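The block underneath contains the structure these notes are about, expressed in structure tokens.
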Amino acid sequence: MDKIVINGGKPLYGDVYISGAKNAALPVLASALLTPQTCTFSNIPDLMDIKTIKKLLGSMGVEFDGGATVQVSAENLTSSVAPYDLVKTMRASILVLGPLVARTGRARVSLPGGCAIGARPVNLHIKALQDMGAKVELSEGYIEATADRLRGAEIYFDLPTVTGTENIMMAATLACGTTVLHNAAREPEIVNLAEVLRGMGARISGAGTDVITITGVTSLTGAQAAIIPDRIEAGTFMIAAGMTQGEVNVLNCNPQHLEALTGKLRDTGMKITPIEGGLKVAASTKIHSVDIKTLPYPGFPTDLQAQMMACMTIGSGLSVISETVFENRFMHVSELMRMGADIAIQGGSAVVRGVPALNGAQTMATDLRASASLILAGLVAEGTTEISRVYHIDRGYEGIEKKFSALGAQIKRVAQ
């Protein structure tokens, strides 16, 4: 099992190229289940989660050819079962449920696993499929859904759910009649998926708003599409640039997807300038503390909360960070405190008092974004930081230690 070792204190300078978005690529790859024709998807990141969903789809008879640009064929499906041993490591595996029921009339999908950052219930997916006429049962840890053909329905989500919106949007493309998703999630990854589905011949409007309308068609064709840049990876490097008082050009990112973060970083004193293909982030003085409250898009993303907390540990003042999206997403706090951070948990908020400096320490990653926060803390800490269980970070960041090393960080991956 590998670990990441960092000798901190080096400001970051140079260009970093952002990879394709994990959270966009996963539903897009699952969407290939909806058509017997070949789809071509580009800008696919090389991540463990991508390998996992490819393995899962492959177990159903889906064929792949290529890497960053991949041809996907679901012409000859051999199974409608998503087994536990493949689903347990990644919650996004639930995304095969809707497409399988829509195209084959049945699906048996294990209840999902993934990062231990709190409950992300699938009841919203199940209720929506039932509203569309599917018979759904829970048996031996599996969701079993059947339908001769799904029918259009008015779907009201109790909460904005990203995977729920994606799952039901895909299912509705082949339903009989019109489906309207109310209180739908608005993330850019959902817009990306909708564009891919429209390229297949789906009739979808409203993606990016809280009301999405899908009029079902009898069949879908193949499509060619590109995955959008990963706004969470981009945000991680933006925060790192300012924390280290460096200057980094974050390239191949969409500034519109980063507006909530950009506003907060400017409040800390960082200078953020639009450039061709991305953003320039620079800081020459100690950063100021700011308060953060995570919210569904277009609010501040929960997937950048841990990284921003690492930033606030060295801010000048007091920061209150409130997590409203996932419970148990403060698991990185104890590890940051091992490095000298001053953090107190008060209910759903963390009170962070900035300290003059962090100290290198042996730490352990507990989930994907916690891993990133520990790397950022290590980049500014005095001395050496070791981060174990880095398999978490490989789920969502492509060659992160190589990218930071190219910017001047003293960081390396070491086999244990």
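What follows is calculated from the coordinates using simple rules that are stated; it is not laboratory data. As the structure is a prediction and not an experimental result, all values here were calculated from the model. Heads up, the Cβs are rebuilt from the backbone with ideal geometry, glycines too, and the neighbour counts pull from every protein chain shown.
What does the helix-only formula give at 222 nm for the chain: each DSSP H stretch with n ≥ 4 adding -39500 (n - 2.57), the total divided by the residues, and the result rounded to the nearest 500 deg cm²/dmol?
-8500 deg cm²/dmol
Residue pairs exceeding 26 angstrom between C-alpha atoms, taken from Lys54/Lys412; Lys10/Lys54; Lys22/Lys280: Lys54/Lys412; Lys10/Lys54. Near Leu220, once Lys and Arg are set to +1 and Asp and Glu to -1 for all other residues with Cβ below 12 Å from its Cβ, the sum equals +3. Please identify, among Ile275, Ile375, Ile50, the residue showing maximal mean-square fluctuation in a Gaussian network model of the chain using a 10 angstrom Cα cutoff. Looking only at Ile275, Ile375, Ile50, the biggest GNM fluctuation is shown by Ile275.
What does the charge add up to near Lys280, with Lys and Arg as +1, Asp and Glu as -1, over the other residues with Cβ less than 11 Å from its Cβ? In short, -2. For the range 72-90 versus the range 325-391, the inter-centroid distance based on Cα atoms is 35 Å. Taking every C-alpha pair closer than 8 Å and separated by at least 6 residues, the mean separation divided by the residue count of the range 22-226 gives a relative contact order of 20 percent. Taking the chain as a Gaussian network of alpha-carbon nodes connected by springs under 10 Å, the highest mean-square fluctuation of the residues Gly164, Gly177, Gly20 belongs to Gly177. Which whole-angstrom value gives the distance between the alpha carbon centres of the range 124-150 and the range 8-66? Centre-to-centre distance over Cα atoms comes out at 27 Å. Taking a quarter of the surface of the Cα convex hull of the range 22-226 gives a mean projected area of 9.5 nm². Candidates Gly299, Ile272, Ala21 compared by Cα position along the dipole of the chain: farthest toward the positive end lies Ile272, with charges placed on Cβ. When the chain is treated as a GNM with alpha-carbon contacts under 10 Å, the residue of Gly317, Gly246, Gly208 showing the greatest mean-square fluctuation is Gly317. When a/c reaches 1.5 or more, the comparison of a/b and b/c decides; with that in mind, is the range 272-399 rounded, prolate or oblate per its Cα gyration tensor? Judged from the Cα gyration tensor, the range 272-399 comes out rounded (a/c under 1.5).
In the range 204-346, the C-alpha radius of gyration followed by the widest Cα-Cα span (Dmax) gives 18.0, 60 angstrom.
Convex hull of alpha carbon positions in the chain: directionally averaged projected area 18.1 nm².
Annotation for the range 282-305 versus the range 220-235: alpha-carbon center distance of 24 Å.
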